[in-house]
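A.B. asks: Got a structure here, written out as C-alpha cells. Questions coming.
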Amino acid sequence: MKNKNKEEQTVIEAFLYSPEEPDAERFRQLCEFLKEKYKTENVELEWVEDQKVKGGFRLVAGNDIYDWSAQRRLKQLQAEWMKIAKYSEGNVIPLLQENIKDWTPKALAEEIGTVLTVGDGIATIGGLKHAAYGEILIFSHGIRGMVQDLKRDQIGCVLFGDEQDIMQGSTVKRTGRTAGMPVGDAFIGRVVDALGDPLDGKEPITAEGYRAIESPAPGIIDRQPVNAPMETGLLAIDSMFPIGRGQRELIIGDRQTGKTAIALDTILNQKGKNVICIYVAIGQKASSVAQLTETLRKHDAMDYCVVMCATASDTAPLQYIAPYAGCALGEYFMNKGQDVLIIYDDLSKHAIAYRALSLLLERSPGREAYPGDVFYLHSRLLERSAHLSEDRGGGSMTALPIVETQAGDVSAYIPTNIISITDGQIFLESDLFFAGQRPAVNVGLSVSRVGGDAQTKAMKTAAGAIRLDLAQYREMEVFTQFSSDLDDATKRQLVYGQGLMRLLRQEQYHPLKQYEQVIILVAALNHVIQDVPVDEISACSRELIAWTEQKAHHVCTEIERTGQLSEEAKQTILHLAQDFIKSYSLEERTSGQER
Ligand code: ATP
Ligand code: MG
C-alpha cells in the first residue's frame, strides 16, 4: 500500500496467487472488493502463477492476506469444529449439525508481518499494526512468540521455540489470542515445563482447558480474611511466624542457607491435608530440580504435587513466564475450591531473566540495571494468591516466594521490592546455618504480618511468649558476652534461652505435627526442660513426645482434631512432662555413674 502525497489517494498494490489465470470477470470482482475494502479507487492488481495454492486463490494486499484456498477453508472448518467440540461437553452431534448447516467459509483477512532481526530469544517484527501486548504470534515452523514491546514501526517479541528456525524476512502471523497454559487435574504428579509439556518422559497430559497465564488478581469482594493455618511442620516457623492459607510469605536468605529446604518440608507436611502443591523452579540447575523431585517421590508427595521447571539452560522468555504459568495452574485448583500451596524458587533469578529480556528489547535500564516495571513484575504475580470468599468456592492459594540475597543484604532492589509486596518474610542467616542452627531462621528479622489469625488456638496458647523470651535471651547474650561472673538468675535465663534455640533446630524431612509442637512448647516455655543439658535437648524432646503419646493419647488426638488446647489438656501435658524429666534425669545420672 502506498500513500502518494500528490494525489492524496492511497494506492493499493495487490497480488493474486493462483495456479491458473482468472478470467476478466473474476479479476473485476476482486478489484471491486479491494476498492471497497480500502476505500480507494486506485487498485493495482497483479496475477502471479502459484501451483501451491490449490482449489482457490490467495490475495495479498499490503500486510493483509485473503486466503481462499481449499486448504484454508478446511482449516476454518476444523477450527469451527474444535470450538464446538470444546463447548459441547460430549454432546457433539446435534450442535455440530446445527453449525455445519449454517457454516460458510469466509474470506478473512490475516495480518502478516516480517521478521526484521532475531537473536537471544527475541525477534523484532515489521508490520502487524494491530498486534496487542501479550498476544501470541506464530512464526515459521509453528514457533510461538509473545508480543512484549510495541513501538511505532516495529514489535519486539519473545520466542518460546528454537530461534534457529527463524530467518530474517520470514513471515509472522497474528493469532489474536493471549498466552494460555493448559490446566487440569491430570497435571498432579507430573513434572512439566513452563508451557505445560511433560518433562518426566511419561504419557502426554490431557488438559481440561486453558487458562491465560496472566490474569487479574481476585478483587476485594472476592476475598475473605486469611484465617486458616498452612502449617509448615517447622517449629521455628509455626510457633512464631504462622503462615495462613492465602498468605504470601517470603523466604529470603543467602545462597545455601536452607531456603529450598523450608519449602520442601512445607510440601511434605501437607501430606493428607488435601492441599495441592506446585513447585516452580526458575533458573535452577536441572540436577537440583531432579533431586528435589526424587525426594518428593521418595516421601510419596508427588501424589499432590506438580513440579514446573524452567532451568538455567532454558531461554529467558521461558524463565520469565514460568511463575505466571504455575500461578495459572494454581488458580485453576483454587477456583475449584481447593487449597493450593505454590512455591516460586526463586524470584531473584526470575527478575534477572526479566532484566535480560528487557535489555535485549532495548528498554532503558534503571536501578541495578533492572527496568522500571520490575516491581509490577512481582506484584501482579503475588497479588494473585488469595483466600477466596465462600461465594467463590472458598479455595485458597498460598505463595512462598524465595529470594536469594547477596551477603545478607536485604536492602538490595529486588529483596526490598518483594518484602514490601509479601505479608511477611522468613529471614535465613548464613552465620546461624553454619553454627548448626538449622533451619537458620533469624527470629529478630522474620515476621508474619497475618500473625495469630493464621494459628490454631492450640498453637497460640502453647507458643505464648516464645518470641519475647528469645528476644530477651538475644539481648542478654550480647550484654553478658564479655563478663565472667554472672548472677544465678542471669545464668538461668541464658541456659533457658540456649535450650529454646536448641529446640528450634529441626532435621530436614521431619516435619512435626501440631500436637507434637504443642507438647514441646508447653514443656519448654514452662521451664520444664530447663535443666536438661543443651546437647541432649533434641533427643529429650523426641522422647518426651513419644512418652506423652503413650500416656495421654487422647490429648494428642484432641489437639489434632479440634485445634484447641484446654486448660485441662495443658495441665496433663505439663504433669506428664515433669514426670518424664524426673525419670530422664534419673536415667542420666545412673548412666553417668556407670560410665
Ligand atoms: P541455594 O541457594 O543453592 O538454592 P538453598 O538456600 O535453597 O540453596 P538448600 O538447598 O535448601 O539451600 O540447603 C542447603 C543445604 O543445607 C542442603 O544440603 C540441605 O540438605 C542442607 N539443609 C537445609 N536445611 C537443613 C536442616 N534443617 N538440617 C540439616 N541440613 C539442612
Ligand atoms: Mg534453593
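The values are calculated or read from the model by the stated rules, or taken from the named source; none is laboratory data. Keep in mind the model is a prediction, meaning the values are calculated, not measured. Cβ sites come from the backbone with ideal geometry, for glycine too, and all protein chains shown count toward neighbours. Please note that ligands, DNA and RNA were not included when accessible areas were found on the heavy atoms of the full protein model with its side chains. Shrake-Rupley method; radii C 1.70, N 1.55, O 1.52, S 1.80 Å.
A.B. asks: Using +1 on the beta carbon of Lys and Arg, -1 on that of Asp and Glu, and nothing else charged, what's the dipole of the chain about the Cα centre, debye to 20?
C.D. replies: With Lys and Arg at +1 and Asp and Glu at -1, about 660 debye.
A.B. asks: Using Cα centres only, tell me the gap between the stretch 448-467 and the stretch 294-329 in whole Å.
C.D. replies: Measuring centre to centre over Cα atoms gives 32 Å.
A.B. asks: Shifting gears a bit: If eta is 0.692 mPa s and T is 37 °C, what Stokes-Einstein diffusion coefficient results for the stretch 24-65, Kirkwood Rh from Cα pairs, in µm²/s? Let's see the in-between values first.
C.D. replies: Details: Rh = 11.4 Å.
After rounding, the answer is 288 µm²/s.
A.B. asks: Let me ask you something else. Assuming 1.306 mPa s and 10 °C, estimate D for the chain with Stokes-Einstein, Rh taken as the Kirkwood radius over Cα pairs, in µm²/s.
C.D. replies: Values: Rh = 28.2 Å.
In µm²/s, the coefficient is 56.
A.B. asks: If you don't mind, another one. Using 0.36 nm times the number of residues separating residue 28 and residue 489, minus their current alpha carbon distance, what extension gain do you get? Can you show the working numbers first?
C.D. replies: On the way: separation 461, 0.36 × 461 = 165.96 nm, distance 10.51 nm.
In short, 155.5 nm is gained.
A.B. asks: Got a sec? What order do 234, 74 fall in by accessible area at 1.4 Å, biggest, i.e. largest, first?
C.D. replies: Details: 234 0, 74 120 Å².
Sorted by accessible area, descending: 74, 234.
A.B. asks: With a probe of 1.4 Å, find how much accessible area the stretch 226-374 has per residue, and write the answer as a whole number in Å².
C.D. replies: Values: 4430 Å² over 149 residues.
Accessible area per residue: 30 Å².
A.B. asks: Okay, moving on. State, as an integer percentage, the relative contact order of the stretch 140-263 based on alpha-carbon contacts under 8 Å between residues 6 or more apart. The partial results should precede the final answer.
C.D. replies: Values: 114 pairs, mean separation 17.6, N = 124.
Averaging sequence separation for qualifying contacts and normalising by length gives 14 percent for the stretch 140-263.
A.B. asks: Only Cα pairs under 8 Å and at least 6 apart count here; give the relative contact order of the stretch 304-412 as a rounded whole percent.
C.D. replies: Values: 122 pairs, mean separation 37.2, N = 109.
Reported relative contact order: 34 percent.
A.B. asks: Say R0 is 25 Å: what FRET efficiency, to the nearest 0.05, do residue 527 and residue 568 get from their beta-carbon distance? Write out the running numbers ahead of the final one.
C.D. replies: Working: r = 21 Å, r/R0 = 0.83.
Efficiency at R0 = 25 Å is approximately 0.75.
A.B. asks: Which loop trypsin sites (Lys or Arg not before Pro) in the stretch 146-202, with loop taken from DSSP, have no more than 14 other Cβ atoms within 10 angstrom of their Cβ? Before the final figure, lay out each step's value.
C.D. replies: Values: sites: 151, 152, 173, 174, 177, 190, 202; in loops: 151, 152, 190, 202.
When the trypsin sites (Lys or Arg not before Pro) of the stretch 146-202 are filtered for loop state and at most 14 Cβ neighbours within 10 Å, 151, 152, 202 remain.
A.B. asks: How much length is gained on full extension from residue 468 to residue 389, taking 0.36 nm per residue of separation minus their Cα-Cα distance?
C.D. replies: In short, 25.0 nm is gained.
A.B. asks: Report relative contact order for the chain in percent, whole number only (criteria: Cα-Cα under 8 Å, sequence separation at least 6).
C.D. replies: Numbers: 1092 pairs, mean separation 69.0, N = 595.
In percent, rounded to a whole number, it is 12.
A.B. asks: May I ask you to list the aspartates and glutamates whose Cα is less than 18 Å away from that of residue 491, ignoring any residue fewer than eight positions away on the same chain?
C.D. replies: Partners found: 469, 475, 477, 531, 535.
A.B. asks: Using only Cα atoms, find the angle between the long axis of helix 316-335 and the longest principal axis of the chain, and express it within 0 to 90 degrees, rounded to the nearest 10.
C.D. replies: 70 degrees
A.B. asks: Quick one: work out the % antiparallel among DSSP beta bridges in the stretch 247-400, nearest 5.
C.D. replies: Working: 2 of 21 bridges.
Percent antiparallel among DSSP bridges in the stretch 247-400 is about 10.
A.B. asks: I've got another one for you. Ignoring ligands, DNA and RNA, what percent of the 1.4 Å accessible area of the chain is carbon and sulfur? Show your work: numbers first, answer last.
C.D. replies: Numbers: 14940 of 29370 Å².
The value for the chain is 51 percent carbon and sulfur by accessible area.
A.B. asks: With θ taken as phi - 60° and the coefficients 6.51, -1.76 and 1.60, list the Karplus ³J(HN,Hα) couplings across the stretch 359-366 in order, rounded to whole Hz; mark glycine and proline as x.
C.D. replies: 3J(HN,Hα) across the stretch 359-366, in whole Hz: 5, 5, 7, 6, 7, 6, x, x.
A.B. asks: Still on this model: Cα-Cα over 18 Å: which of 460/570; 259/457; 259/285; 271/298; 457/513; 52/75?
C.D. replies: Numbers: 460/570 12 Å; 259/457 28 Å; 259/285 15 Å; 271/298 13 Å; 457/513 15 Å; 52/75 16 Å.
Too far apart for the 18 Å limit: 259/457.
A.B. asks: With both partners inside the chain, how many of the DSSP beta bridges are antiparallel, as a percent to the nearest 5? Intermediate results must be reported in sequence, preceding the final value.
C.D. replies: Numbers: 52 of 89 bridges.
Of those bridges, close to 60 percent are antiparallel.
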